[in-house]
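Presented below is the structure to which this report refers.
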Amino acid sequence: MAAGEGAMTAPLDLLGVPVHPVTLADAVDAVVRAVEDWSDGEPFRHVAVNANKLLACRADDQLARAVAEADLATADGVGALLMARRLGLRLPERVTGIDLFLELLGPAAARGWPIYLLGAAPGVADAAATALQARHPDLVIAGARDGYFPAGSEDAVAQAVADSGARLLFVALPTPRKELFVQRHAHGVAFAMGVGGAFDVLCGRIPRAPRAVQQVGMEWAWRWAREPRRLAGRYGLGGVAFLRALVLGREAA
Ligand code: UDP
C-alpha cells in the first residue's frame, strides 16, 4: 500500500470508475503526507478523471486498471461532477491535474523535494522548468525531458527519472500513456501524476481558459474551439456518448 492511502476518504463509484470526493486542499494534503511518509520505493499515484476518461475506461481495461489502482483519483472535468450529481453522489469540487500540479510546487520548494518534468514536445519540458523556476526560485528541478521517446524505452526513461533523485514526477503524455506510465514505470519516486498538456500551458505554447470559463465548467469548450479538428472525437462524438450516459445514469449497452 502506498503511504497515506489509509487516510484517504473512500472513493465514489462513477460508472465503475473510482473518484475521491476531495477538495484541491484535501488532495494537496494527501500528497504532501504521502511524500513525507514515503519509504518503500513505490509512489503515491494520482489520476485525473474527466468525462472522456470515464467512458474510455469502459473500452480500455488497461486504462481502467491504472485508474482503479491509483491512490488518489480526482474529478478533472465538469463531466465527472455532473455524472456524480446524476447518480445522487456529491463531489465537492473539480480538482484538475494542472491545478494539483501547480499547488504541489510550493510545498515541494519549501521542503526541498526535487521534481522531474517528463513529456511534451522537445524543448517544452525545459521551457516549463524555466517558467516554474521563475515562480518558485527555491524549487529544485532534478530533470526534464520530452515525451517523444520510442515505445519500449519506458523503463530506461523511468530509471533516468529515479537516478535523478526526483521525489515528485509529473508526466505530460496523452491518455492512456500517462496513466500507464505512472502505474507501470514510475518507481523510485515518492509521487507521480499525469498532467496532460500542462507543460505547454506553462511555457505559453497553449493558453489556459480564463478563470471565469473554468468556473462555469466550460474549459472543454474553450479547448475544443482552439483545436477543433484534433479534439473533434473527444468532445464531439465523445460528448454525445457522455451526454447519453448522463441521461441514462449509466453507460449505454
Ligand atoms: N505528447 C508527448 N508524446 C507523444 C504525444 C504527445 O509527450 O508521443 C505530449 C503532447 O505534446 C502534450 C501532452 O503529451 O504536451 C498531452 O497531450 P494531450 O493534450 O493530447 O493529452 P490529454 O488531453 O490526453 O491529456
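Considering only helices (runs of 4 or more DSSP H) fully contained in segment 205-253, which possess at least 2 residues that are open to solvent by less than 60 Å² (accessible area, probe 1.4 Å) and more than 16 Å from the ligand (Cβ to nearest atom)?
Qualifying helices (runs of 4 or more DSSP H): 238-248.
When you look at residue 128, is it touching a Cys at 6+ places or on another chain (Cβ under 8 Å), of a type in the set (Gly, Ala, Ser) and more than 23 Å from residue 36 (Cβ to Cβ), yes or no?
So residue 128 passes the test.
I need the full set of residues from segment 11-30 which are among the charged types (D, E, K, R) and not in a helix (DSSP H, G or I), in order please.
Selection gives 13 alone.
Would a scan of segment 42-53 turn up a residue that is in contact with a strand residue (DSSP E or B) (Cβ under 7 Å, 6 or more places away or on another chain) and farther than 14 Å from residue 104 by Cβ?
yes
Spot the failing condition for residue 98; the list is (1) surrounded by fewer than 23 Cβ atoms within 10 Å (Cβ to Cβ); (2) more than 14 Å from the ligand (Cβ to nearest atom); (3) touching a residue at least 40 places away in the same chain (Cβ under 8 Å), and only one is missed.
Residue 98 satisfies all of (1) surrounded by fewer than 23 Cβ atoms within 10 Å (Cβ to Cβ); (2) more than 14 Å from the ligand (Cβ to nearest atom); (3) touching a residue at least 40 places away in the same chain (Cβ under 8 Å) except (2).
From 232, 212, grab the single residue that is over 19 Å from the mean Cα position of the chain (by Cα), among the small types (Gly, Ala, Ser) and over 30 Å from residue 88 (Cβ atoms).
Criteria check complete, one pass: 232.
Quick check on segment 193-204. Is at least one of its residues in a loop (DSSP other than H, G, I, E, B), on the phi < 0 side of the Ramachandran plot and either crowded, with 21+ Cβ neighbours inside 10 Å or in contact with a His (Cβ under 9 Å, 6 or more places away or on another chain) (or both)?
Within segment 193-204, one or more residues are in a loop (DSSP other than H, G, I, E, B), on the phi < 0 side of the Ramachandran plot and either crowded, with 21+ Cβ neighbours inside 10 Å or in contact with a His (Cβ under 9 Å, 6 or more places away or on another chain) (or both).
Considering only residues that are surrounded by fewer than 18 Cβ atoms within 10 Å (Cβ to Cβ) and of a type in the set (Val, Ile, Thr), which ones fall in segment 110-144?
Those that are surrounded by fewer than 18 Cβ atoms within 10 Å (Cβ to Cβ) and of a type in the set (Val, Ile, Thr): 130, 140.
Those residues that are surrounded by 17 or more Cβ atoms within 10 Å (Cβ to Cβ), in a loop (DSSP other than H, G, I, E, B) and away from the ligand (no atom under 12 Å from the Cβ), I need them from segment 145-190; list them, please.
164, 166, 167, 185, 186, 188, 189, 190
With the requirement that a residue be under 19 Å from the mean Cα position of the chain (by Cα) and not in a helix (DSSP H, G or I), what does segment 114-139 give you?
Once the filter is applied, which keeps residues that are under 19 Å from the mean Cα position of the chain (by Cα) and not in a helix (DSSP H, G or I), segment 114-139 yields 114, 115, 116, 117, 118, 119, 120, 121.
Taking segment 74-111 on its own, how many of its residues are within 17 Å of the chain's Cα centre (by Cα), assigned to a helix (DSSP H, G or I) and farther than 18 Å from residue 199 by Cα?
Total meeting the criteria: 4.
Identify the single condition in (1) away from the ligand (no atom under 14 Å from the Cβ); (2) part of a strand (DSSP E or B); (3) touching a Leu at 6+ places or on another chain (Cβ under 8 Å) that residue 142 does not satisfy, given that it satisfies every other one.
Failing condition for residue 142: (3).
The values are calculated or read from the model by the stated rules, or taken from the named source; none is laboratory data. Only a predicted model underlies this, so the values are computations on that prediction, with no experimental measurement involved. Here Cβ is always computed from backbone atoms with ideal geometry, including for glycine, and neighbour counts include all displayed protein chains. The protein model used for the area step is the full one, side chains on, heavy atoms only, and it has no ligands, DNA or RNA in it. Shrake-Rupley method; radii C 1.70, N 1.55, O 1.52, S 1.80 Å.
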